[in-house]
Number of protein chains: 2
Amino acid sequence: MKKALAFDIGGTKIFSTIIDESGKIIAEIEKFSTPKTIEEIKALLRNEISKHENEVDIIAIATAGAVNNENNAVIGSTGNLVEGYYTIDFQSLSGKKVFLENDANAAAWAEYKIGASKGTSVSVMLTLGTGVGGGIIINDRLLKGKSGAAGEMHFKMYPDKRRKCTCGSWDCFEIYTSGKGLKLDAEEAFNNKDVTTYDVIEGVKNNDQKMIEVFNRWQNDIINGIIGLANIFDPDCFVLSGSMAQFVDVKKVEEQVNSQIVTAPTSMRLATAGNYAGMIGAALLALGGA
Amino acid sequence: MKKALAFDIGGTKIFSTIIDESGKIIAEIEKFSTPKTIEEIKALLRNEISKHENEVDIIAIATAGAVNNENNAVIGSTGNLVEGYYTIDFQSLSGKKVFLENDANAAAWAEYKIGASKGTSVSVMLTLGTGVGGGIIINDRLLKGKSGAAGEMHFKMYPDKRRKCTCGSWDCFEIYTSGKGLKLDAEEAFNNKDVTTYDVIEGVKNNDQKMIEVFNRWQNDIINGIIGLANIFDPDCFVLSGSMAQFVDVKKVEEQVNSQIVTAPTSMRLATAGNYAGMIGAALLALGGA
């Protein structure tokens, strides 16, 4: 069975392991803090690759940032990664072929191949974490766009400049429905900069009515955004992943969405491919597996 | 050269002509008022088909309403069409093959094959008329979704129920950026139910500052919606069509959109395939032409 040496390169952590073409993780997961310079990132990757490349058929990297349609270069740095990240020539780090995919796209592919959206042909994955990522599958292919950057969940929730988004524009879905969005909802509700996402989640557990109101605002923004995406894509399902997804009332979101869309009913599912879905998806894309 | 007998079936008018596989209209355009019952619609179509089907290879129909992915049945009626429209068995109307496509999708295909988006592989067409239609092309295929209903421009401009949309939900892009949306903007600005879209357009021409403000709100909503679509699809271009598109400051919209998106710059174009783009697109899809 063919195997890939897989990496997941994020703003704070880098993970690595070996994954076979069925999507199974067959080695220990290695974890590193993401170095602060591109030279150190390259050295780290080169070191890991030299240790394992003889055991595998291909190197598969899930990375933050948009990846071009040939899956061989990062074409835009995100705020979370070191400056100049997009100048790294990943292919130069190995004698084996190096395959790259955006981390959200790769995770969506893992869900499609072995996880929550398996068996569907049109699906939208939303990764609700510190930020919000998106990976969209249409007719069994990843939606990449002209330059590889499609699936950015930066569509506006208001037209009149209320909350600045991390992307530089205003009022994007991401800045309302991320963990940060929930914190900002709470800050606005209590006029208190120190309230945290954790405070809201704890408050909801303790049946604190004000915290429940804040949480419901956040969840309603998720519902409102998904309604638009459902009408645009007419997907079989949505897959919710990321650290914030566990707090979403999936049944309620599904009911609310289906009661307001003009397209046929869709389904709402929690991700099942796990925390390493990015590496699994990159490996499956690279190997053509599962 | 192969030929299609083409129809465009809308809520108020039905058009028909013959179109060859290069997309050229090669017969007179016939025009009818849309009958009020499905029996009369069927009789009209049967009559036209019987007159011309011997001259053509296929029947190609651009229709209001969602069309299934096999392009052989309307699966949802729109408010504009007679009740039961979706029960019509279009194939039963001719001995030749009958091909159906949603009118906005068909028009987007005409723009892609012979019009404004020719040569691109990812494009979003917005038809700004009484309502707003959408047709999306990804990797040289129409985006249809699981049931054929994708491309509905019903994503929310506000999360807090300000303006009821024709779709039954609230605050959709359509109800702000259609001709009706412009009228509603003016009604709200002047607290006057009698002000019309025409009044606003005339006011702008006459440099009436209040009317210019109303118009700018409408155009800004178009910009805001397109920003989201650009981040989601990363398209080569947007094509603006429909009766309201002529009033849009295309250059300004393009500049504003490109200054606020995280994906690579896109271009804004007016449609060039003409008023019969729906029939042309349906014919080209049916014939596999141009």
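The values are calculated or read from the model by the stated rules, or taken from the named source; none is laboratory data. From a predicted model like this one, the values you see are computed outputs, not experimental measurements. Every residue, glycine as well, gets a Cβ built from its backbone with ideal geometry; the counts of neighbours run over all protein chains shown.
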Worksheet item: Can you pull out the strands (runs of 3 or more DSSP E) entirely within segment A:1-41 that have at least 3 residues that are within 16 Å of residue A:85 (Cα to Cα)?
Response: A:3-9
Discussion item. With more than 11 Å from every other protein chain (Cβ to nearest Cβ), under 24 Å from the mean Cα position of the chain (by Cα) and farther than 30 Å from residue B:19 by Cβ as the only criterion, which of B:251, B:210, B:205 stands out?
Written reply: B:251
Discussion item. I'm told residue B:244 meets every condition in (1) touching a strand residue (DSSP E or B) at 6+ places or on another chain (Cβ under 6 Å); (2) at the interface with chain A (Cβ under 9 Å from one of its Cβ atoms); (3) over 16 Å from residue B:123 (Cβ atoms) except one. Can you identify the failing condition by its number?
Written reply: (2)
Discussion item. Residue under question is residue A:150, and the condition is that it be surrounded by 24 or more Cβ atoms within 10 Å (Cβ to Cβ), in the same structural domain as residue A:180 (by TED's automatic domain parsing), under 13 Å from the mean Cα position of the chain (by Cα) and outside any strand (DSSP E or B); does it hold?
Written reply: yes
Worksheet item: Would you pick out the residues in segment B:245-290 that are surrounded by 19 or more Cβ atoms within 10 Å (Cβ to Cβ), under 30 Å from residue B:224 (Cβ atoms) and hydroxyl-bearing (Ser, Thr, Tyr)?
Response: B:263, B:266
Worksheet item: So which residues in segment A:155-172 are over 24 Å from residue A:236 (Cβ atoms), part of a loop (DSSP other than H, G, I, E, B) and touching a helix residue (DSSP H, G or I) at 6+ places or on another chain (Cβ under 8 Å)?
Response: A:157, A:159, A:163, A:165, A:166, A:167, A:169
Practice prompt. Test residue B:70 against the criterion of being surrounded by fewer than 17 Cβ atoms within 10 Å (Cβ to Cβ) and touching a residue at least 40 places away in the same chain (Cβ under 8 Å), and give yes or no.
Written response: no
Discussion item. Based on this model, can you work out whether residue A:147 counts as within 12 Å of chain B (Cβ to nearest Cβ) and hydroxyl-bearing (Ser, Thr, Tyr)?
Written reply: yes
Practice prompt. Starting from segment A:218-232, keep only residues that are within 7 Å of another protein chain (Cβ to nearest Cβ) and buried (at least 24 other Cβ atoms within 10 Å of the Cβ), then list their pairs with residues that are aromatic (Phe, Trp, Tyr) and not in a helix (DSSP H, G or I) whose Cβ atoms are within a distance under 6 Å, requiring at least 6 positions of separation or different chains.
Written response: A:228/B:155
Worksheet item: Quick check: is even one residue across segment B:45-54 exposed (fewer than 15 other Cβ atoms within 10 Å of the Cβ), in the same structural domain as residue B:282 (by TED's automatic domain parsing) and of a type in the set (A, V, I, L, M, F, W, C)?
Response: no
Worksheet item: Which condition number does residue A:239 fail, the rest of (1) among the β-branched types (Val, Ile, Thr); (2) touching a residue at least 60 places away in the same chain (Cβ under 8 Å); (3) within 14 Å of another protein chain (Cβ to nearest Cβ); (4) buried (at least 20 other Cβ atoms within 10 Å of the Cβ) being met?
Response: (3)
Item to complete: Output the residues belonging to segment A:219-253 that are in contact with a helix residue (DSSP H, G or I) (Cβ under 9 Å, 6 or more places away or on another chain) and of a type in the set (D, E, K, R).
Response: A:221, A:249, A:252
Item to complete: Mind listing whichever residues of segment A:153-172 are buried (at least 19 other Cβ atoms within 10 Å of the Cβ) and more than 7 Å from chain B (Cβ to nearest Cβ)?
Response: A:153, A:165, A:170, A:171, A:172
Practice prompt. Could you please find all residues in segment B:111-139 being within 14 Å of another protein chain (Cβ to nearest Cβ), crowded, with 24+ Cβ neighbours inside 10 Å and of a type in the set (Ser, Thr, Tyr)?
Written response: B:112, B:117, B:123
